[in-house]
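One structure is given here, and the rest of the page talks about it.
The values are calculated or read from the model by the stated rules, or taken from the named source; none is laboratory data. Being a predicted model, the structure only gives us computed values, none of them experimental. Cβ sites come from the backbone with ideal geometry, for glycine too, and all protein chains shown count toward neighbours.
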Amino acid sequence: MMSRAVLVLIALLAPASFAAAEEAPIRNISPRITVPVGPGNWVDYEKLKPPPEAARIKLQQIKVLRDGRLVIDSTVSSLEGIRLIEPKRICETPLNRKWACGVRAFMAWRAYFSKGVSCDVEGERASCRKGNEDAGVTLLAGGWAEPASGDNNEARRSAFQSAQDRHFGIFASVIP
């Protein structure tokens, strides 16, 4: 237990130390927030401005239905020039091993359309792109789609032929 003299001394000295602390200026010790804007270039976060409205990318919510149609922002349409492999389709390798290639094709479509794809919808037809790549050509080149009947687009035909020649997707010689 503290003696009475120590308590009196603390009571006498304490207000003076608190008064000295209140007179000292408060300085900001929080770190400056900077963000990279290029190799070796950093800018204060507060100085950054949001991009103009025209420069913003509109993200679309795209869902793939089991029959190969796409639901793009609540509009149902088909991808131009190609069609999904029938989900119930069973493929066979040269060694007579069977595998559910239709289900794999459906999963490939879902994965492809999950991020970064933008589509232009005209009626029941959609033309989609991921960056500079045409979605139809990409899916055909991967072997996960077939050209629609009556489609004469040379890029899509050559992508489909390339998938057959390289044994990609449903044409795989081993189960992917």
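Taking the stretch 130-158 as the range and being more than 21 Å from P87 (Cα to Cα) and among the hydrophobic types (A, V, I, L, M, F, W, C) as the test, only A155 passes. Please go through the stretch 144-173 and pick out each residue that is farther than 14 Å from G102 by Cα, touching a helix residue (DSSP H, G or I) at 6+ places or on another chain (Cβ under 6 Å) and part of a helix (DSSP H, G or I). Within the stretch 144-173, A155, R156, A159, F160, S162, A163, Q164 qualify.
Search the stretch 108-131 for residues that are more than 17 Å from R156 (Cα to Cα) and pair each with any residue that is among the aromatic types (F, W, Y) and surrounded by 14 or more Cβ atoms within 10 Å (Cβ to Cβ) when their beta-carbon atoms are under 7 Å apart and the residues are at least 6 apart or on different chains. Pairs found: A108/W144. Scanning the stretch 142-156 for residues that are without any contact (Cβ under 8 Å) to a residue 12 or more places away in the chain and either closer than 21 Å to A172 by Cα or not polar (S, T, N, Q) (or both) yields G150, E154.
For every residue, the table says whether it meets (1) among the aromatic types (F, W, Y); (2) modelled with pLDDT of 85 or more; (3) within 22 Å of A163 (Cβ to Cβ).
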position: A24; (1), (2), (3): no, no, no
position: P31; (1), (2), (3): no, no, no
position: T34; (1), (2), (3): no, no, no
position: P52; (1), (2), (3): no, no, no
position: L59; (1), (2), (3): no, no, no
position: S77; (1), (2), (3): no, yes, no
position: G81; (1), (2), (3): no, yes, yes
position: L84; (1), (2), (3): no, yes, yes
position: Y112; (1), (2), (3): yes, yes, yes
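Residues that are in contact with a Cys (Cβ under 8 Å, 6 or more places away or on another chain) and of a type outside the set (D, E): does the stretch 135-143 have at least one? Taking every residue of the stretch 135-143 in turn, at least one turns out to be in contact with a Cys (Cβ under 8 Å, 6 or more places away or on another chain) and of a type outside the set (D, E).
Condition check: under 27 Å from S74 (Cα atoms) and touching a helix residue (DSSP H, G or I) at 6+ places or on another chain (Cβ under 8 Å). Does P176 satisfy that? No.
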